[in-house]
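What follows is one structure encoded as structure tokens, with my remarks underneath.
The values are calculated or read from the model by the stated rules, or taken from the named source; none is laboratory data. These figures come from a predicted structure and were not determined experimentally. Every residue, glycine as well, gets a Cβ built from its backbone with ideal geometry; the counts of neighbours run over all protein chains shown. Surface accessibility is based on the protein's heavy atoms, side chains included, excluding ligands, DNA and RNA. Shrake-Rupley method; radii C 1.70, N 1.55, O 1.52, S 1.80 Å.
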Amino acid sequence: MAQGPPLSALRKDFPILSRRIDGKRLVYLDNAATTHKPVQVLGRIEEYYRRENANVHRGMHTLSQEATDAYEGARERIARFIGARSPKEIIFTKNATEALNLAAGSLSELAVGEGEKIVSTEMEHHSNLVPWQQAARRHGARLELLEVDMRTGLLDEGTFKEKIAGAKIVSLTHSSNVLGTINPVAKIAAMARKEGAYVVVDGAQSVPHMRVDVGSLGCDMLAFSGHKMCGPTGIGVLWGKEELLERMPPFLFGGDMISEVTFSGAKWNDLPWKFEAGTPPIAQAIGLGAACDYLKKAGMGRIRAHEMRLTKLALSLLSEQGDVRVFGPADAAKKGGVVAFGMEGAHPHDIAAILDREGIAVRSGHHCAQPLTRKLGVFATSRASFYFYNTGSEVEFFARSLEKVRKVFGGRRRGA
Amino acid sequence: MGNIYTEAIVDYYQHPRKKGTIAEPTAQASGHNPSCGDSVSIQVRVSKGRISQARFMGSGCAISTAASSMLMEKVEGMRLSEARNLSKKDALALLGIGISHARLNCALLPLRTLKEALGQEGGEKMIKGPGKPKERRS
């Protein structure tokens, strides 16, 4: 575990955190949607544009070589960050959604035939559900979902064996963006491997918040997003095992992804460029590389521990409020820093709008998980989500500010 | 941005007028706001070129519920031609508050849905059987 100053000392690296919203201090609790960027990342992106900007690969001039070095260097940093065996296993995409579309589109072509089975879960973000629905449709396959136990907010382990039996691909989220649930990926991956199924993991809500090592997860592919981990928007990552990526067909076609083109056909480039058609998001990849360095220095173990403390505090303060219902596991150890909740007599939209007047940023809606939200028996939820730069006093202020919602709608706080 | 949770908005939200269904509607439509999951269905009864009854059902935030309720009050008794010409500005004016860009969909979903209903077959023909509301995405 990295030693260093307390995580709260890192707040000074984030200029936006000192912003005021209509005179109130910004309390940013929408980190599951996107996180803020430290000056180290902002500076690296600016430096790239100021000093190295050029198109990458095949350039003989100095700038192009420097840009290529920086871009490929970022790939190495990111590979190390998740414990990949080689930078060849890191494919840059524009976001986690595109990474999951690549996985679903290309892997299903390799692995799924008519009448066969793909397995996912009921707690997926649309980006890890809809691409598999479409893949199943294209290949005449069926999609089965591991169910969420509504009492615990966890996947129902009792049905794993039956559902996973005979699956060709199992794709699931590491950590739910609504319930916060951290899924037993290593266990599911081991069961899937016995069935000869490939395992794809949506790490958009886990890679930014805890130590994620692809070897210990035991999966074949992992998708995540740059902007949810202190990096810029416009960059996502798909990690895949080299031998698998070698066999998967390309996803997008065009420049840079080919080795030889004739008027009648083409040969594909080597990994990872086979999957990177066109000019890539160069500055964004370099920015994400800098973000990985920053997070590594902060210490992923410390980040997880801090967020778990904040989550525990939030769960405890909300549970004292009888008109507040929290969705997902009640045990902070079983979830990431995501707390979705509802309040009697107040619509999630109004809760978010009233908290905004206090400078508090939370999100409301179905969080791109409509089927799960419906299963929870609501149309929408409000969601507070934490990062390492949040503080206990911010969480206390948030919980206290729900009183403002009651004030507007004449609700009365009851004991739990 | 001023206070949008005025006494009137909160009152209409908590005690919505014109909420319910009509036994024999002549037109109806459903609207849905995919970004927040809100939905509204609107039924009207039109006779002799006038809206004689207007009702809404659905789940929504304070702004969208108040907007639905106020709009139903406004159009009941109104000429069909007049109701069809209601503008976004008219709908927003009913609320009496400044609406930020983020809440525009909430405030305008009822008007869009009403227009959808009034756009059908003159809005005057009786719907046969348990008419299936037409889905409208905003």
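I'd like the full set of residues that are within 11 Å of chain B (Cβ to nearest Cβ), within 13 Å of A:Leu179 (Cβ to Cβ) and either of a type in the set (Val, Ile, Thr) or open to solvent by less than 10 Å² (accessible area, probe 1.4 Å) (or both), limited to the stretch A:360-377.
Selection gives A:Ala369, A:Thr373.
For every residue, the table says whether it meets (1) touching a Leu at 6+ places or on another chain (Cβ under 8 Å); (2) surrounded by 24 or more Cβ atoms within 10 Å (Cβ to Cβ); (3) free of Cβ contacts under 8 Å to residues at least 24 places away in the same chain; (4) within 14 Å of chain A (Cβ to nearest Cβ).
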| residue | (1), (2), (3), (4) |
| --- | --- |
| B:Thr21 | no, no, no, no |
| B:Pro25 | no, no, no, no |
| B:Ser35 | no, no, no, yes |
| B:Met57 | no, no, no, yes |
| B:Ser64 | yes, yes, no, yes |
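Quick check on my filter: what residues within the stretch B:1-19 are of a type in the set (A, V, I, L, M, F, W, C) and surrounded by fewer than 18 Cβ atoms within 10 Å (Cβ to Cβ)?
B:Met1, B:Ala8, B:Val10
Each row is one residue, and each column tells you yes or no for (1) out of contact with any Leu (no Cβ under 9 Å at 6 or more places or on another chain); (2) at pLDDT 95 or above.
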{"position": "A:Tyr198", "(1), (2)": "no, yes"}
{"position": "A:His209", "(1), (2)": "yes, yes"}
{"position": "A:Glu243", "(1), (2)": "yes, yes"}
{"position": "A:Gly255", "(1), (2)": "yes, no"}
{"position": "A:Ser259", "(1), (2)": "yes, no"}
{"position": "A:Gly265", "(1), (2)": "yes, no"}
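Any idea which of (1) farther than 15 Å from A:Val339 by Cα; (2) in a helix (DSSP H, G or I); (3) more than 9 Å from chain B (Cβ to nearest Cβ) is the one A:Arg413 doesn't satisfy?
(2)
Could you please give the count of residues in the stretch A:18-67 that are in contact with a Gly (Cβ under 7 Å, 6 or more places away or on another chain), over 20 Å from A:Gly234 (Cβ atoms) and surrounded by 19 or more Cβ atoms within 10 Å (Cβ to Cβ)?
Summing the residues that are in contact with a Gly (Cβ under 7 Å, 6 or more places away or on another chain), over 20 Å from A:Gly234 (Cβ atoms) and surrounded by 19 or more Cβ atoms within 10 Å (Cβ to Cβ) in the stretch A:18-67 gives 1.
Within the stretch A:376-401, how many residues turn out to be of a type outside the set (Phe, Trp, Tyr) and either within 18 Å of the chain's Cα centre (by Cα) or closer than 24 Å to B:Cys36 by Cβ (or both)?
Residues meeting the conditions: 11.
Could you identify the single residue in A:Asn101, A:Asn95, A:Asn128, A:Asn55 that is more than 24 Å from A:Val212 (Cα to Cα) and touching a residue at least 40 places away in the same chain (Cβ under 8 Å)?
None of the other options fit; the residue is A:Asn55.
Does B:Thr6 count as within 13 Å of chain A (Cβ to nearest Cβ) and either of a type in the set (D, E, K, R) or touching a residue at least 40 places away in the same chain (Cβ under 8 Å) (or both)?
yes
When the residues of the stretch A:262-315 are filtered to those that are closer than 22 Å to A:Asn95 by Cβ and aromatic (Phe, Trp, Tyr), which remaining residue is surrounded by the most Cβ atoms within 10 Å (Cβ to Cβ)?
A:Phe275
Out of all the residues in the stretch B:37-55, which are open to solvent by 30 Å² or more (accessible area, probe 1.4 Å), more than 8 Å from every other protein chain (Cβ to nearest Cβ) and under 30 Å from A:Arg406 (Cα atoms)?
B:Ser41, B:Arg55 - these are the residues of the stretch B:37-55 that are open to solvent by 30 Å² or more (accessible area, probe 1.4 Å), more than 8 Å from every other protein chain (Cβ to nearest Cβ) and under 30 Å from A:Arg406 (Cα atoms).
How many residues are within 25 Å of the chain's Cα centre (by Cα) and either modelled with pLDDT under 95 or under 17 Å from A:Ile354 (Cβ atoms) (or both) when one looks only at the stretch A:10-35?
The number of residues fulfilling the criteria is 5.
Has the stretch A:76-88 got any residue that is over 30 Å from A:Ala399 (Cβ atoms), β-branched (Val, Ile, Thr) and in contact with a helix residue (DSSP H, G or I) (Cβ under 9 Å, 6 or more places away or on another chain)?
yes
Scan the stretch A:381-407 for residues that are open to solvent by less than 10 Å² (accessible area, probe 1.4 Å) and facing chain B (nearest Cβ under 10 Å) and jot them down.
A:Thr381, A:Val405
So which residues in the stretch A:131-151 are open to solvent by 20 Å² or more (accessible area, probe 1.4 Å) and either in a helix (DSSP H, G or I) or free of Cβ contacts under 8 Å to residues at least 24 places away in the same chain (or both), if there are any at all?
A:Gln133, A:Gln134, A:Arg137, A:Arg138, A:His139, A:Asp149, A:Arg151
Can you say whether A:Arg357 is over 23 Å from the mean Cα position of the chain (by Cα) and within 14 Å of chain B (Cβ to nearest Cβ), as far as the supplied structure shows?
yes
Scan the helices (runs of 4 or more DSSP H) fully inside the stretch A:6-119 and keep the ones with 2 or more residues being in contact with a strand residue (DSSP E or B) (Cβ under 8 Å, 6 or more places away or on another chain).
Helices (runs of 4 or more DSSP H) meeting the threshold: A:62-81, A:96-102, A:108-111.
Looking at (1) among the hydrophobic types (A, V, I, L, M, F, W, C); (2) assigned to a helix (DSSP H, G or I); (3) within 26 Å of A:Asn55 (Cβ to Cβ), which one does A:Leu244 not meet, given that it meets all the others?
(3)
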